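Single-structure report; data block below.
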Amino acid sequence: MMLHVPDVLTPEQVREIRATLDATLWIDGRETVGDQGAQVKRNRQLPEHSPVGRELGKAVLGALARNALFFSAALPSRFVPPLFNRYEGGEHYGLHVDGSVRTVPGTGQQLRTDLSCTLFLCDPESYEGGELEVVDTYGAHEVKLPAGDLIVYPSSSLHRVRPVTRGVRICSFFWVQSMVRDDSRRGMLFELDQTILKLRASIGERDETVALTGHYHNLLRMWSEV
Ligand code: NI
């Protein structure tokens, strides 16, 4: 399942992050990928151990922790701390799949990448190209979101970033190990949760909504690994 999560960051938070990033040193993005990725990746990134990047990453995860829609869709268990990338002057990232297991820098802790996230930090009108294209069984989907919005999609998907031919595209990106590793089960839990919320908003809390909430939690209990 692919989901657009709007307004993860406020315009003010985006401005603060951008101001910090604009004053920071960027390195070749090939330092954080394996051999296949290195062949097709042309962009720049903040170094993985950058203290500035770490602080900004904490701010991103702090904002996400308050986002109920993201939690409902991702059911996050663990995160690889957010990284930041920058594309300009024709830079792009060719078709690839994200590595299935990643080590959290500085901890040696490994996690399975169930979900990939891209948080857009530039106004889409300010640059040409730079669409994230995600390919799944229903075809290719192009994503280019307002600053502060996030896209979450299965890490098993092939994807690419189209060349940025004008302006600059800056994003934060990171991976999530979900409590529910199977994408279709996670998707069903999301649909059920969102339907219960809508039902509760329209008819109030009834025995039936309580019963459905019970089913939601019993399914989550059956399928989650924490
Ligand atoms: Ni990728």
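The values are calculated or read from the model by the stated rules, or taken from the named source; none is laboratory data. This one's a predicted model, so the numbers in the text were calculated from it and none came from an experiment. Note that each Cβ is placed from the backbone with ideal geometry, even for glycine, and that neighbours are counted across all protein chains shown. Surface areas here come from the heavy atoms of the whole protein model, side chains and all, with no ligands, DNA or RNA. Shrake-Rupley method; radii C 1.70, N 1.55, O 1.52, S 1.80 Å.
Listing for the model above:
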quantity: Contour excess over end-to-end distance, with Cα ends at E128 and R54 and 0.36 nm allotted per residue; calculated: 23.8 nm
quantity: Top of L25, L132, L64 by mean-square fluctuation, Gaussian network on the chain, Cα under 10 Å; calculated: L25
quantity: Two-site label geometry, D28 and M222: point separation in nm, points 7 Å out along Cα→Cβ; calculated: 5.1
quantity: Surface per residue (accessible, 1.4 Å probe) for the chain, Å²; calculated: 50
quantity: Full-stretch length increase - Q36, T103 - with 0.36 nm per residue and alpha-carbon distance subtracted; calculated: 22.3 nm
quantity: Sulfur and carbon atoms: percent of accessible area, the chain [1.4 Å]; calculated: 55
quantity: For the range 109-118, 3J(HN,Hα) per residue [Karplus equation, 6.51 cos²θ - 1.76 cosθ + 1.60, θ = phi - 60°, Hz, x = Gly/Pro]; calculated: 5, 10, 9, 7, 8, 8, 10, 9, 10, 10
quantity: Label-point gap, in nm, between E16 and V210 - each point 7 angstrom along Cα→Cβ; calculated: 4.2
quantity: Average Cα contact separation per residue, the chain, under 8 Å, 6 or more apart, as relative contact order %; calculated: 25
quantity: Estimated dipole of the range 183-223 in Debye, rounded to 20 [Cβ of Lys and Arg +1, of Asp and Glu -1, Cα centre]; calculated: 80
quantity: Positive minus negative residues near V14 (Lys, Arg vs Asp, Glu; Cβ under 11 Å); calculated: -3
quantity: Descending semi-axes in Å of the chain, equivalent ellipsoid built from Cα gyration tensor; calculated: 32, 19, 17
quantity: The chain: calculated mean residue ellipticity at 222 nm from DSSP helix runs of at least 4, using -39500 (n - 2.57); calculated: -11000 deg cm²/dmol
quantity: In the range 51-114, trypsin sites (Lys or Arg not before Pro) in a DSSP loop with at most 11 other beta-carbon atoms within 10 Å; calculated: R66
